[in-house]
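These notes concern the structure reproduced below.
The values are calculated or read from the model by the stated rules, or taken from the named source; none is laboratory data. Just so we're clear, the structure is a prediction, and the values are computed from it rather than from any experiment. Using ideal geometry, Cβ is built from the backbone for each residue, glycine included, and neighbour counts are taken over all protein chains shown. Surface accessibility is based on the protein's heavy atoms, side chains included, excluding ligands, DNA and RNA. Shrake-Rupley method; radii C 1.70, N 1.55, O 1.52, S 1.80 Å.
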Amino acid sequence: MLDAIGVSVGVTLDDSLTSREQQALCEIWSGAVREGSADVEISAGVVRESGGAGPLPDVFASDFRDLASKLSSRVTLAAIESQRGRLLMLHACGVASPDGTVVAFVGPSGRGKTTLASSVARAWSYISDETVGIAAAGVVHPYRKPLSVIVADSDTKSQVSPDDLGLLPLPDATLEIGAIVLLDRQPDGPDEPQLSPVRLVDALVELIPEMSYLPLLERPLQTIATIVDRVGGVRRLNYREAGTVPPLLESLIVEDPADESASGWAVIPFHSLEQPDDRRGAVGTVYRRRVPLDAIASDGAYVLLHDNQVRVLDGIGPFIWDALATGRSLPSIVDYVVEHVGSPASGDATELVSAAVGQLLEAEVILKE
């Protein structure tokens, strides 16, 4: 029985595996073993010859190494699917301090999360090198899966348990998110890693593609923004070598997040059209908002989430969005923007607003009738 982001995954190994291979898989997953009943059941085995009798297991391969890799992917997928709509799931590696404060290092595949986890989790407890699952209250669910690394005398990757890599066990404390860090690993990066703050709007643009099943969360943007406030904002880590990062761990935890976080975000109402259409007597196209899943304002910009796409409106974009609380024709939109922003210092207001409306249409943020 495996503990994967708070999901109990039962794995049944069929008799196609030798007792030695079964023992090896158990050792590979030793960091995630738990007791209890299974939420999800998965069978696994090796298919060494074609045409064998009987149904195939859920996960199968022609050799043990390939099976171990596929099983890791399947357990991850099963856990993520089981927690969709329940947890904020970051594509991240994570470590925890002795008091249970978790740092999530977020980045896409190939950004060096496993290499970083192999280094920082020798200083702090290993949480995951794949997915950090965060509940709305900030509680983190660990996923101590095996790591895919190149072992000695080999040029291919193998699944290795965190214990065999010398990574630290979970602390005897409740795990709670304490920092979110965007990874920026560069071959020509600095000798000493550098940290810099990331404003909420920019952080959302980078974080959202690294989240699983985000649209299924209730108020997804508000949930992310609340967690970002909880940790005192998002920071970017620019570094070259993973071995230089562990000394920074303590500094990643903000003692008083309320003092550090300056996101100042607010919810944007967007569900209802309370007023009749304002067509200004014109005959022609009427523009309306495309209703988003969620919308917030921060730092003078609006952030909208449609499906899994995040859109940032800045400049006159927020004023066009505000204007379309009711369906409007282009002349009415222009009048609204000029009233609230003023006439442009150069250029024609109608041309500028029309171009911005076109961009919002192309981005499928607004619709026309």
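Summary table below
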read-out: Meets criteria (at pLDDT 95 or above, touching a Leu at 6+ places or on another chain (Cβ under 8 Å) and assigned to a helix (DSSP H, G or I)) for Leu77; value: no
read-out: Total residues in the range 16-39, condition in contact (Cβ under 8 Å) with a residue 24 or more places away in the chain and assigned to a loop (DSSP other than H, G, I, E, B); value: 9
read-out: Matching entry among Asp314, Asp294, Asp335 (being under 30 Å from Asp229 (Cα atoms) and either open to solvent by 50 Å² or more (accessible area, probe 1.4 Å) or among the β-branched types (Val, Ile, Thr) (or both)); value: Asp314
read-out: Candidate set from the range 13-26 (those that are surrounded by 14 or more Cβ atoms within 10 Å (Cβ to Cβ) and acidic (Asp, Glu)); member that is modelled with the lowest pLDDT; value: Asp14
read-out: So Ser354, is it open to solvent by 40 Å² or more (accessible area, probe 1.4 Å), free of Cβ contacts under 8 Å to residues at least 24 places away in the same chain, over 23 Å from Leu207 (Cα atoms) and polar (S, T, N, Q); value: no
read-out: Options Asp155, Asp99: the member that is in contact (Cβ under 8 Å) with a residue 12 or more places away in the chain, surrounded by fewer than 16 Cβ atoms within 10 Å (Cβ to Cβ), of a type in the set (D, E, K, R) and more than 29 Å from Asn308 (Cβ to Cβ); value: Asp99
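Conditions tested, residue by residue: (1) closer than 29 Å to Glu218 by Cα; (2) buried (at least 21 other Cβ atoms within 10 Å of the Cβ); (3) of a type outside the set (Phe, Trp, Tyr).
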| residue | (1), (2), (3) |
| --- | --- |
| Arg84 | yes, no, yes |
| Val103 | yes, yes, yes |
| Lys113 | yes, yes, yes |
| Val120 | no, yes, yes |
| Val151 | no, no, yes |
| Asp163 | no, no, yes |
| Gly166 | no, no, yes |
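Residues are listed down the side, and each one gets a yes or a no for (1) open to solvent by 60 Å² or more (accessible area, probe 1.4 Å); (2) within 29 Å of Leu71 (Cβ to Cβ); (3) under 15 Å from the mean Cα position of the chain (by Cα):
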site	(1), (2), (3)
Leu175	no, yes, no
Arg199	yes, no, no
Ser212	no, yes, yes
Ala242	no, yes, no
Pro247	yes, no, no
